[in-house]
Amino acid sequence: MEHYVKLALALILLIHASILDWRYREIRDSSWLALVALGVVFTLLESISTGSASPAVSLLISLAVTAALTLPLAYFGLMGGGDAVILIGIAAVFPEPPPGVVSLFPVFSLSVFTNAILLSLLLPIYFFLRNLPHLRRVRSPAELYALFLGYRKPASAIKPYEAVYGSGGEFRFLLRTDAELGKAEGEGEVWVTPAVPFVIPITIAFLLSALCGDVVSALILFLRGS
């Protein structure tokens, strides 16, 4: 029962953080701090009920491993700082993988992280499949790469969550890193990509990892058994 209570409370906090990040492109400190507080409370209750310090040790190990992985990635710009601390919050709530799930990782947050990355890869695959009619017009590796980034639509129909990364009038891609959300220069058709916050796949991966485990571990175990 305790497992499902933690799961439900953590999921509520993660969904709340996802909604805020989608709307305001910012993860508030209260989101990950609430996760850490939740993890600390449940760890104290478990330590008191069992009379053992092992839950606290598992918590500290989980936080240390997760921080050592995510904070350098955030420092070098490979992931958002808010996403990094959300994973640290998850590490506090579930230091170890829940019993019965498929995972070879000793720290639960690693299962969530790998699942979140795999979920994020589904979006470029979807873009490429959507852009297959344009494949015959590709003339360079850069244009082929662009097919995985987004889709073409009228500049007048840009949504607030979409970033313009190229002009598609003549299938020329002017890849930009300073593109502003919801803004397009000029008229006609442009190539856009939806700026999906990474906390959304993290939230989905959290639920997947807590109920089933991680895909990487399942694949390794399958290959070992075959």
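The values are calculated or read from the model by the stated rules, or taken from the named source; none is laboratory data. Quick caveat: nothing in here was measured; it's all calculated off a predicted structure. Here the Cβ positions follow ideal geometry from the backbone for every residue, glycine too, while neighbour counts run over all protein chains shown.
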Problem - Search result, residues across the stretch 105-136 that are touching an Asp or Glu at 6+ places or on another chain (Cβ under 8 Å) and more than 18 Å from residue 199 (Cβ to Cβ) - result: 105, 106, 107
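This table checks each residue for (1) surrounded by fewer than 21 Cβ atoms within 10 Å (Cβ to Cβ); (2) aliphatic (A, V, I, L, M); (3) out of contact with any Lys or Arg (no Cβ under 8 Å at 6 or more places or on another chain).
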| site | (1), (2), (3) |
| --- | --- |
| 66 | no, no, yes |
| 83 | no, no, yes |
| 96 | yes, no, yes |
| 115 | no, no, yes |
| 123 | yes, yes, yes |
| 130 | yes, no, yes |
Exercise for the section: Scan the stretch 27-46 and give yes if some residue there is within 19 Å of residue 97 (Cβ to Cβ), exposed (fewer than 11 other Cβ atoms within 10 Å of the Cβ) and assigned by TED's automatic domain parsing to the domain that holds residue 109, otherwise no. Expected result: no
Problem - Those residues of the stretch 82-115 which are of a type in the set (Gly, Ala, Ser) and at pLDDT 90 or above, in sequence order - result: 82, 84, 89, 91, 92, 103, 109, 111
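Tell me, yes or no, whether the stretch 205-226 has at least one residue that is at pLDDT below 80 and more than 30 Å from residue 8 (Cα to Cα).
Within the stretch 205-226, one or more residues are at pLDDT below 80 and more than 30 Å from residue 8 (Cα to Cα).
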Exercise for the section: Could you tell me whether residue 55 is in contact with a Ser or Thr (Cβ under 7 Å, 6 or more places away or on another chain) and at negative phi? Expected result: yes
Completion exercise
With criteria (1) more than 30 Å from residue 162 (Cβ to Cβ); (2) surrounded by 15 or more Cβ atoms within 10 Å (Cβ to Cβ); (3) touching a helix residue (DSSP H, G or I) at 6+ places or on another chain (Cβ under 8 Å), residue 53 comes up short on (2)
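May I ask you to verify whether residue 151 is modelled with pLDDT under 85, within 26 Å of the chain's Cα centre (by Cα) and not assigned by TED's automatic domain parsing to the domain that holds residue 86?
Numbers: modelled with pLDDT under 85: no; within 26 Å of the chain's Cα centre (by Cα): yes; not assigned by TED's automatic domain parsing to the domain that holds residue 86: yes.
The answer is no for residue 151.
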Completion exercise
Given the conditions (1) assigned to a loop (DSSP other than H, G, I, E, B); (2) on the phi < 0 side of the Ramachandran plot, every one holds for residue 100 apart from (2)
Practice task
Can you give me the number of residues within the stretch 1-26 that are of a type in the set (Lys, Arg) and either part of a helix (DSSP H, G or I) or not assigned by TED's automatic domain parsing to the domain that holds residue 93 (or both)?
Solution key: 2
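Run down 117, 86, 90, 125 and say which single residue is more than 30 Å from residue 61 (Cα to Cα) and outside any loop (DSSP other than H, G, I, E, B).
125 is the lone residue from the list that is more than 30 Å from residue 61 (Cα to Cα) and outside any loop (DSSP other than H, G, I, E, B).
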Practice task
With the condition kept exactly as written, say whether any residue in the stretch 78-86 is among the hydrophobic types (A, V, I, L, M, F, W, C) and over 14 Å from the mean Cα position of the chain (by Cα).
Solution key: no
